[in-house]
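These notes are about the structure you will find just below.
Values in this text are rule-based calculations from the coordinates and carry no lab data. No experiment lies behind these values; they were computed from the predicted model shown. Cβ atoms come from the backbone with ideal geometry, glycine included; neighbour counts cover every protein chain shown.
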Amino acid sequence: MKMLSEVEDTIGAQRDLSDRTRVMIRVVVAVGFCALLVPSVWAAEMACVIKPYAEISIGTPVEGVIQTVPVDRGDWVTKGQVIVTLESSLEEATVALAKSKAEAEAVLKSSQVKIGFSTRKLERALDLFKTNSIARHEVDEAQTEKALAEMSYQEASENKRQAELELHRATAALLLHSIRSPITGVVVDRLLSPGELARQTPVMKLAQINPLRVEVFAPISLLGRLKTGMRADVRPEGKGQPVHQAKIMVVNKVVDSASGTFGVRLEMPNPNNVISAGLACTVEFQFSSAENP
């Protein structure tokens, strides 16, 4: 404590100090040194791993021969983009047939004409019956013809509705032969090629890397201090890598007793896809001095 001695000597040279005064000076100077040595913020830095936000194995909902795979490993895909098509000539023919039936209007229009004719015939029969020009059974025949015409129209309407539903089902079956990407991301691997039979095995694997997930195993001493919403600095491995901001999304409530750690998951934006998933990293949590143990 060289500085303590210099302060005491200087003050002692100017005037004679009592023992109590010297003790007070030592305390004040020591407190000043401690204030310089204790930081206002305490940072905890630990190892972490950067992972994709989602990893998906893409399969086909129906069995079939692969017709096209327009993307390959390393290609970027957008959500909704067609990434696999299956051979679908039979399904296309089924759709064409169902569409033809659904658009048929002849039977429905014929039933409408019959209703009009039977209605007019019944009106004439009723007028003639009032003047006793025709017998009662002829009126009954006219009424029956009208009822049958209305039933025929109803049947034609129901058949048309069923044909429209058949078209909808055939179209849905055809759409199952075009597999679209459920995410915007990158093709990690392509497992099958055109000409191969797709069954229950994946065709390709995709990864979403914006945002990214950062997985950390924090020491048990930080349990209860790390909370969702807290910010942290993440530095990917590699020389000259910049620091990126991340936010805590999940704090595991179950502690691994063997290692004395618990899992923490952070979410890190990656808008330009400049950060690669799979990298090791270091994460630094910032705590105020009031939280310093």
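How about Lys239: which lysines have a C-alpha closer than 21 Å to its C-alpha, ignoring those fewer than 8 places off in the same chain?
Lys51
May I ask for the net charge around Ile248, where only other residues with Cβ less than 14 Å from the Cβ of Ile248 are counted and Lys, Arg are +1 while Asp, Glu are -1?
Within the 14 Å Cβ shell, the charges total +3.
Taking H as built 1.01 Å from N, whose amide H comes closer than 5 Å to the amide H of Asp189, not counting residues under 5 places away?
So Asp189 has HN proximity to Lys205.
What is the Cα centroid distance between the stretch 77-122 and the stretch 248-263, reported in whole angstrom?
So the two Cα centres are separated by 59 Å.
Largest first and to the nearest Å, give the Cα extent of the stretch 88-173 along each principal axis.
Answer, in whole Å and largest first: 67, 14, 12 Å.
List the residues, sorted by chain then number, that are 5 or more residues from Leu212 or on another chain and whose placed amide H is less than 5 Å from its amide H.
Result for Leu212 returns Met268, Asn270.
Scan around Arg180 for amide H atoms under 5 Å from its own, H built in the peptide plane at 1.01 Å from N, and keep only partners 5 or more places away or cross-chain.
HN-HN under 5 Å from Arg180: Ile83.
Counting other Cβ atoms within 10 Å, keep those with at most 10, restrict to DSSP loop, and tell me which GluC sites (Glu not before Pro) in the stretch 201-293 are left.
Answer by residue number: there is no such site.
Kirkwood hydrodynamic radius of the stretch 223-293 from all distinct Cα pairs, in Å?
Values: mean 1/r = 0.0727 Å⁻¹.
Taking every pair of different Cα atoms in the stretch 223-293, averaging 1/r and inverting gives 13.8 Å.
Per q in 0.16 1/Å, what log10 I(q)/I(0) does a Debye calculation on the alpha-carbon atoms of the stretch 145-234 return?
So the normalised log intensities work out to -0.90.
How much net charge surrounds Asn159 when only the other residues with a Cβ under 14 Å from the Cβ of Asn159 are counted, with Lys and Arg +1 and Asp and Glu -1?
-2
Hey, which of these cross-link pairs are over 29 Å Cα-Cα: Lys205/Lys227; Lys109/Lys130; Lys205/Lys253; Lys101/Lys146; Lys99/Lys205; Lys79/Lys227?
Listed pairs above 29 Å: Lys205/Lys227; Lys109/Lys130; Lys205/Lys253; Lys99/Lys205; Lys79/Lys227.
With each pseudo-label sitting 7 Å past Cα toward Cβ, what's the Glu215-Asn252 distance in nm, one decimal?
Each label point lies 7 Å from its Cα, and together they span 0.9 nm.
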